[in-house]
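J.: Pasting in a structure now, in structure tokens, and then I'll have a few things to ask.
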Amino acid sequence: DGGITQSPKYLFRKEGQNVTLSCEQNLNHDAMYWYRQDPGQGLRLIYYSQIVNDFQKGDIAEGYSVSREKKESFPLTVTSAQKNPTAFYLCASTNTGTGVGSNQPQHFGDGTRLSIL
Amino acid sequence: AQKVTQAQTEISVVEKEDVTLDCVYETRDTTYYLFWYKQPPSGELVFLIRRNSFDEQNEISGRYSWNFQKSTSSFNFTITASQVVDSAVYFCALRPAGGGNKLTFGTGTQLKVEL
């Protein structure tokens, strides 16, 4: 079945440690996104990528890094510089393009819950 | 700048009641797209509907209906005869045409449907 797979489902980070969240999609989508969700808040965009080997900062990129070496994969690294990493992280993908292509919905993975030890 | 406001933080209803979730948006773009997503307790976001800014026709899908009014910048969502399985957080989102297809989300409305 086509979809977006995020792993792990739960992740714990020690002080000063970098951790990487995995996001893989087999939908052949060009664009991929990372969002952060805090309790009682909406989703905030961390990074997004519209094409392989290219990505842009979202609204809250500080303390995070990404790579897009393959179309199917868009891993997110939460670095030690992110002082408040505890949150629910969601990855999404969609087709891009103008006109009809730009109104396609984003498809989401099941998320990763990150906590500090 | 884009903004989406969902003023209702939490709504509780009894099963079979009708319930309307409000969504008000702000944008300077003339062409944009509006979305509703459902987030059940398991966490994933489930796409419900997309509406183009140039199409103000309301839509009904089973017990779900959406009322898009460009004049008031609103895109409200009504569930008729609510069921316990409708309990979830519902998000309204806005995306301008182009610009990386970035979504701006509202803060969500927690809907609790009780027996």
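The values are calculated or read from the model by the stated rules, or taken from the named source; none is laboratory data. This is a predicted model, so every value here is computed, not measured. Cβ atoms come from the backbone with ideal geometry, glycine included; neighbour counts cover every protein chain shown. We work out accessible area using only protein heavy atoms, side chains counted, and drop any ligands, DNA or RNA first. Shrake-Rupley method; radii C 1.70, N 1.55, O 1.52, S 1.80 Å.
J.: Which of the peptides B:66-78, A:51-63 is most tightly packed, and how do the rest follow, judged by the mean count of other Cβ atoms within 10 Å per residue?
T.: Sorting B:66-78, A:51-63 by mean packing, highest first, produces B:66-78, A:51-63.
J.: Let me ask something else. Taking a spot 7 Å from the Cα of B:SER12 along the direction of its beta carbon, which residues of the range A:28-47 have an amide N less than 20 Å from it?
T.: Counting only backbone N, you get A:40-41.
J.: Taking amide hydrogens as modeled 1.01 Å from N in the peptide plane, which residues meet the under 5 Å criterion relative to A:ALA87, leaving out close sequence neighbours?
T.: The list, which skips near neighbours in sequence, is A:LEU114.
J.: Using modelled amide H (1.01 Å from N, peptide plane; none on Pro or chain starts), what sits under 5 Å from the amide H of B:ASN76, excluding residues fewer than 5 places away?
T.: Sorted by chain and number, the residues that satisfy this are B:CYS23, B:ASN67, B:GLN69.
J.: Determine the sum of side-chain charges near B:VAL113: Lys and Arg each +1, Asp and Glu each -1, restricted to other residues whose C-beta is under 14 angstrom from that of B:VAL113.
T.: Here the charged neighbours net out to -2.
J.: Another one. Taking A:LYS71 as the anchor, which lysines have their alpha carbon closer than 25 Å to its alpha carbon, excluding any fewer than eight residues away along the same chain?
T.: Cα-Cα hits under 25 Å: A:LYS9, A:LYS57, B:LYS102.
J.: Moving to a separate point now. Give, as a single signed number, the net charge of other residues whose beta carbon lies under 11 Å from the beta carbon of A:GLN37, with Lys and Arg counted +1 and Asp and Glu -1.
T.: Around A:GLN37, the charge tally is +2.
J.: While we're looking at this one, here's another question. Take every DSSP beta bridge whose two residues both sit in chain B, then give the antiparallel share in percent to the nearest 5.
T.: Working: 35 of 40 bridges.
The antiparallel fraction comes to roughly 90 percent.
J.: Averaged across orientations, what area in nm² does the convex hull of the alpha carbons in chain A project?
T.: Over all viewing directions, chain A projects a mean Cα-hull area of 7.3 nm².
J.: Using a 1.4 Å probe, what is the accessible area per residue for the protein assembly as shown, in Å²?
T.: Values: 11080 Å² over 232 residues.
In whole numbers, the protein assembly as shown has 48 Å² accessible per residue.
J.: So, one more: How big is the convex hull of the Cα atoms of the range A:1-46, per residue, in Å³?
T.: On the way: hull volume 5.6 nm³, N = 46.
Dividing the Cα hull volume of the range A:1-46 by its residues yields 121 Å³.
J.: To continue, here is another question. Interface size between chain B and chain A, please: total buried accessible area, 1.4 Å probe, rounded to the nearest 100 Å².
T.: 1800 Å²
J.: Across peptide A:39-52, what mean number of C-beta atoms from other chains lies inside 10 Å of a residue's C-beta?
T.: 3
J.: Using the Cα atoms of chain B, I'd like the radius of gyration and the largest Cα-Cα distance, Dmax, both in angstrom.
T.: Rg and Dmax of chain B, Cα atoms, are 13.8, 44 Å.
J.: If amide H atoms are built 1.01 Å from N in the plane of the peptide, which residues on other chains or at least 5 residues away come under 5 Å of the amide H of B:GLN8?
T.: For B:GLN8, the qualifying residues are B:ASP22.
J.: Quick one: dipole size for chain A, taken about the Cα centre, charges +1 on Lys/Arg Cβ and -1 on Asp/Glu Cβ, in debye to the nearest 20.
T.: Computed about the Cα centre, the dipole is about 300 debye.
J.: If you don't mind, another one. Considering only the protein assembly as shown, what is the antiparallel percent among its DSSP beta bridges, to the nearest 5?
T.: 90 percent
J.: Still on this structure: Of the listed peptides B:24-36, A:104-116, what is their order by residue-averaged count of other C-beta atoms within 10 Å, with the highest listed first?
T.: Listed from highest to lowest mean packing, they are A:104-116, B:24-36.
J.: So, one more: Residue separation times 0.36 nm, minus the C-alpha to C-alpha distance between B:ASN52 and B:VAL85: what's the value?
T.: Working it through step by step, the gained length comes to 9.1 nm.
J.: Now for a separate question. Enumerate the lysines that B:LYS16 could reach by cross-link, defined here as Cα to Cα under 26 Å, with residues fewer than 8 away along the same chain left out.
T.: Candidates past the 8-residue exclusion: B:LYS38, B:LYS112.
J.: In a shell of Cβ-Cβ distance under 15 Å around B:GLN57, excluding B:GLN57 itself, what net charge do Lys and Arg (+1) and Asp and Glu (-1) give?
T.: Charge balance near B:GLN57 sits at 0.
J.: Calculate what fraction, in whole %, of the accessible area of the protein assembly as shown sits on carbon and sulfur atoms when a 1.4 Å probe is rolled over the protein chains.
T.: 47 percent
J.: Mean shadow of the protein assembly as shown, computed from the convex hull of its alpha carbons, in nm²?
T.: Hull-based average projected area comes out at 12.9 nm².
J.: Along the Cα-to-C-beta direction of B:SER61, a point sits 7 Å from the Cα; which residues of the range B:23-45 have their amide N less than 15 Å from that point?
T.: The answer is B:34-40, B:45.
J.: Related question: Could you derive backbone 3J(HN,Hα) for the range B:50-55 from the dihedral phi with the Karplus parameters 6.51, -1.76 and 1.60 (θ = phi - 60°), listing whole Hz in sequence and x where the residue is Gly or Pro?
T.: In residue order, the calculated couplings are 10, 9, 8, 5, 8, 10 Hz.
J.: If the reach is capped at under 15 angstrom between alpha carbons, list the aspartates and glutamates near A:LYS70, excluding any in the same chain fewer than eight residues apart.
T.: Correct list for A:LYS70: A:GLU24, A:ASP30, A:ASP54.
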